[in-house]
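Worksheet: one structure, shown below.
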Amino acid sequence: MDKPHLRKLQMYEAVLLYLQIKNVIWSASTTFNTEVDALNAGIIDIKEKDRINKKSNDATKGKEQKRDAMIKATSKICNAGVAYADSIDDAELRGKFDFSPKDLEEGNVEIVIARCRQIGIDAIAIVSGLTDWGMPTDYLAVQSGTVEAFELASPKAKDIVTTGKSTNKEMNSEFKVIDTHLKRRLDKLVNSYEDIAPDFVTEYYDKRYIGGRKKKVVPTVPPTPLIV
């Protein structure tokens, strides 16, 4: 949740808490009770959608980390493969490994996974030559593991991210609903107590102000000049 929305949510919660504390003033009103319940339900809904949105962001980050690990591992095989193929002057073999990190990332998820997996498979037959040119021993198993990890994360992460994007839109809509609810309903109900409970109304609007009551600016008084 961005800072403007977070501050607005904090305002909603401050308003709700204040109304609950002062419920002795308005609890006899069925309408007032209904509107306070609606505010509470809206806050709960926003928090739940924010939780789903955070899960979506975490899934995106996790997927990107697994993709980066796969690309890094595959690049190490490619570097050794190109060097080894060049040392034996085998252009066809070099073509199987001549990929930069940017080249490895081209295409959709399925293409990228298939490319990295195939490079690992092609490397099996020349593993001894690759280790001579800088690839760590048993590294093919490491690279294969990164491919599998990214492949497993991709469909799950995609579903979570898609859900998160939809939920984020719904959360933004809920903020607009609550803003309208406060302005057109609760504010009006509170205003009706202006004569019988003026302090209640004043404090309510203090909570409605995002960030709390504005501090009064005390004008600076210039020093009195000394009379000699």
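General remarks:
- Three-way shape call for the range 9-150 based on the alpha-carbon gyration tensor, with the a/c threshold at 1.5: prolate
- Charge tally around Leu189: other residues with Cβ under 12 Å, Lys/Arg +1 each, Asp/Glu -1 each, net +1.
- Residues listed by number, the range 88-109, amide nitrogen under 18 Å from Asp68 label point at 7 Å toward C-beta: 101-106
- A simple charge model with +1 on the Cβ of Lys and Arg, -1 on the Cβ of Asp and Glu and nothing else charged puts the dipole of the range 1-101 at about 360 debye relative to its Cα centre.
- Cleavage-rule hits (trypsin sites (Lys or Arg not before Pro)) in the range 26-56: DSSP loop, at most 15 neighbouring Cβ within 10 angstrom: none
- Once the convex hull of all Cα atoms in the range 3-80 is built, its volume per residue stands at 80 Å³.
- Which of Asn79, Cys116, Leu9, positive extreme of dipole for the range 1-135 (C-beta unit charges): Leu9
FYI, it's all coordinate maths here, none of it is from the lab. The structure displayed is predicted, hence computed values, not measured ones. Glycine gets a Cβ as well: all are built from the backbone with ideal geometry, and neighbour counts include every protein chain shown.
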